Amino acid sequence: MKNHNPTTELLAEKSVPATIAVGKPENVVEAVSAKVILKIFRSLEFRTELEELSSYAAHIKQERPIVHLLAKYFWRQGRNVVLEDRRCDLVVEGTKIEFKYHFDCDQASMKKELEMCGGEIASLNACKKNGWQACRSIYDDTVIKCPHIFILIICSRDLSKVKQECLSQIVWSGPQLKYNRSVPYDPQGKHLGIATGFLGKINKIRPFSFHMASVQTIGSFPSTYHLLAYEFKRPVRLLKRPAESYDHIVGS
């Protein structure tokens with residue numbers, strides 16, 4: 001019986017000559033955009049690497065490994081790629097991309113943070129003083145750093161069948177199990193309203209287009225990576241990070 005190798009099949013598909021439109025050079029590369037990032041994310045080869053990552057990196061939050069994976073795939077396309085350029089996570093041919101990685105159970109912290117500041121973005125600084133920083137860090141990455149694209153990765157996990165002695169090797173396993181007692185494992189991304197609702201407030205400050213893709217993995221336990229891509233529609237002046245307040249923001 002012939003062995004099934006999805007990576008080999010993917011490479012075989014790539015070897016098929018592409019049809020080139022008349023008058024267009026063969027080396028035309030699609031401009032960097034949220035849709036291009038999602039196309040990489042959905043590819044069979046990337047999904048295979050993501051499934052392996054979900055197992056061997058289960059003990060850490062996987063933001064940096066995923067950023068490096070995406071950088072590798074952009075590099076393979078012959079693009080100019082720079083990691084950690086002037087505190088920006090990834091710059092691809094001048095397009096600045098910031099990333100933030102959370103587990104779906106982190107929304108419990110986001111909910112508390114928003115309740116503490118009355119749902120007002122302008123009051124987020126007070127939340128930081130009390131230890132809640134999830135929403136504040138997203139605000140900083142989207143508004144203060146002013147990237148062209150912001151990628152929010154939310155990972156849902158089903159740890160219900162993981163042996164007790166193995167849970168200590170999985171990062172944030174306790175809060176995940178507690179969260180899933182009231183909110184079941186969600187591979188469809190139906191329970192991401194707290195995170196997406198907060199980004200809706202950001203949309204009033206920096207309008208964006210929204211794109212989303214979800215990839216399910218099995219690995220050592222079932223996981224789903226929800227990639228929420230926010231591509232900002234217009235440039236804004238770089239805002240200085242406020243020392244004590246967000247008074248420069250009008251409304252929320």
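The values are calculated or read from the model by the stated rules, or taken from the named source; none is laboratory data. Because the structure is a prediction, the values reported are computed rather than measured. Ideal geometry is used to build each Cβ from the backbone, glycine not excepted, and the neighbour counts take in all protein chains shown.
Looking across segment 124-174, just one residue is at pLDDT below 95, aromatic (Phe, Trp, Tyr) and either within 30 Å of LYS35 (Cβ to Cβ) or out of contact with any Asp or Glu (no Cβ under 6 Å at 6 or more places or on another chain) (or both), and that is TYR139.
Picking from residues in segment 207-243 that are charged (D, E, K, R) and at pLDDT below 95, the one that is nearest to LYS39 (Cα to Cα) is LYS233. Residue check: is ILE153 β-branched (Val, Ile, Thr), more than 17 Å from CYS105 (Cα to Cα) and either in contact (Cβ under 8 Å) with a residue 24 or more places away in the chain or surrounded by 17 or more Cβ atoms within 10 Å (Cβ to Cβ) (or both)? Criteria not met by ILE153. Per the listing GLU98, GLU115, the residue uniquely charged (D, E, K, R), at negative phi and buried (at least 20 other Cβ atoms within 10 Å of the Cβ) is GLU98.
Against the test of being more than 18 Å from the chain's Cα centre (by Cα), among the basic types (Lys, Arg) and in a helix (DSSP H, G or I), the options LYS35, LYS39, LYS111 yield a single qualifying residue, LYS111.
Selection over segment 35-54 of residues that are under 9 Å from LEU69 (Cβ atoms) and among the aromatic types (Phe, Trp, Tyr) gives a count of 1. The numbered conditions (1) under 21 Å from ALA34 (Cβ atoms); (2) over 20 Å from the mean Cα position of the chain (by Cα) are all true for ILE121 except (1).
Residue-wise test of (1) part of a loop (DSSP other than H, G, I, E, B); (2) not β-branched (Val, Ile, Thr).
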{"site": "HIS59", "(1), (2)": "yes, yes"}
{"site": "GLU84", "(1), (2)": "no, yes"}
{"site": "ASP141", "(1), (2)": "no, yes"}
{"site": "ILE154", "(1), (2)": "no, no"}
{"site": "SER160", "(1), (2)": "yes, yes"}
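Cβ separations smaller than 6 Å between residues 6+ apart or across chains give the following pairs from segment 75-93 residues that are in contact (Cβ under 8 Å) with a residue 60 or more places away in the chain to residues that are surrounded by 14 or more Cβ atoms within 10 Å (Cβ to Cβ) and not acidic (Asp, Glu): VAL92/VAL32; VAL92/PHE74; VAL92/ARG79; VAL92/VAL81; GLU93/VAL32; GLU93/ARG79. Number of residues in segment 186-238 that are among the β-branched types (Val, Ile, Thr), out of contact with any Pro (no Cβ under 6 Å at 6 or more places or on another chain) and surrounded by 15 or more Cβ atoms within 10 Å (Cβ to Cβ) equals 6. Scanning segment 156-171 for residues that are surrounded by 16 or more Cβ atoms within 10 Å (Cβ to Cβ) and over 17 Å from GLN107 (Cα atoms) returns LEU159, VAL162, ILE170. For segment 181-193, does any single residue satisfy the condition of being among the polar types (S, T, N, Q) and more than 22 Å from HIS59 (Cβ to Cβ)? Taking every residue of segment 181-193 in turn, at least one turns out to be among the polar types (S, T, N, Q) and more than 22 Å from HIS59 (Cβ to Cβ). Restricting the search to segment 101-119, which residues are among the charged types (D, E, K, R) and either touching an Asp or Glu at 6+ places or on another chain (Cβ under 9 Å) or modelled with pLDDT under 85 (or both)? Result: ASP104, single match.
Of the residues making up segment 174-224, those that are more than 24 Å from SER54 (Cα to Cα) and in a loop (DSSP other than H, G, I, E, B) are ARG206, PRO207.
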